[in-house]
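Reading through the structure tokens given below for one structure.
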Amino acid sequence: MAEKQAGKSGKPRSNAQVVAWCMAGVVGMFAFGFALVPLYDVFCEITGINGKTGGRYQPVEVAEADMNRTVKVQFLASNGPGMTWTFRPVVRSVDVHPGEPVTVNFYAENATTEAMVGQAVPSLSPSEGTLYFHKTECFCFNQQPLDAGESVEMPLIFIVDRDLPEHITKLTLSYTLYDQGKQPAVSDNSIRVTTTIDNG
């Protein structure tokens, strides 16, 4: 019976061919994971319906906070495909007065046995609020390298604009953390600054 099946197709498929197809699939999945961040940027630029936040905000002057108004800002964190780090906000939400600078932290831990690099991509809902949510400092501005077993608290400093429409009383800031690959070797004369958190 096996001889008949082999005769129909010419040759039985070799193990080497199967392995080659599997390896090609794995490489393709990794390549797709790396492409997700730039593809997300292109999609956001084309559609304009993503809620993606802007880059670093440079306030011309520090406005006085509106102490008569409070806006709840919630924080969410998730991992992109293939990312195995622990990633979460240190606090789930804060109540802020529009116009005041607020600092919160996100926690990341590389529990793998290899040094890796991560990149966080933010989005905000409702998308109408993106015009009024300003990040003055954010871990999402740069890639984050972590050694095997290393953890870090990453700061975010933001301001909710005083001109935020009155009907918006809650904003949800979400970060998705993507795997940017293994960390390249660091030379002896280079400097890398991170903060390690001891959970013991």
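Brief remarks on what is shown
- Looking across segment 116-127 at every residue that is modelled with pLDDT of 95 or more and surrounded by fewer than 18 Cβ atoms within 10 Å (Cβ to Cβ), the one that is farthest from G82 (Cα to Cα) is identified as P126.
- Selection of segment 128-144 for residues being farther than 17 Å from N105 by Cα and either surrounded by 15 or more Cβ atoms within 10 Å (Cβ to Cβ) or hydrophobic (A, V, I, L, M, F, W, C) (or both) yields G129, T130, L131, Y132.
- Restricted to segment 110-133, and to residues there that are assigned to a loop (DSSP other than H, G, I, E, B) and not aliphatic (A, V, I, L, M), the residue that is nearest to G181 (Cα to Cα) is E114.
- G33 within 19 Å of K182 (Cα to Cα) and at pLDDT 60 or above: no
- Segment 153-164, subset touching a Ser or Thr at 6+ places or on another chain (Cβ under 9 Å) and surrounded by fewer than 19 Cβ atoms within 10 Å (Cβ to Cβ), residue nearest to T112 (Cα to Cα): E153
- Close Cβ contacts (under 7 Å, 6 or more residues apart or on different chains) running from residues in segment 73-84 that are within 12 Å of T172 (Cβ to Cβ) and surrounded by 13 or more Cβ atoms within 10 Å (Cβ to Cβ) to residues that are at pLDDT 95 or above and of a type in the set (G, A, S) comprise V73/S93; Q74/S93; F75/S93; L76/S174.
- So L171, is it assigned to a strand (DSSP E or B), closer than 22 Å to P101 by Cβ and not hydroxyl-bearing (S, T, Y): yes
The values are calculated or read from the model by the stated rules, or taken from the named source; none is laboratory data. As the structure is a prediction and not an experimental result, all values here were calculated from the model. Neighbour counts are summed over all protein chains in view; Cβ atoms, including those assigned to glycine, are modelled from backbone coordinates with ideal geometry.
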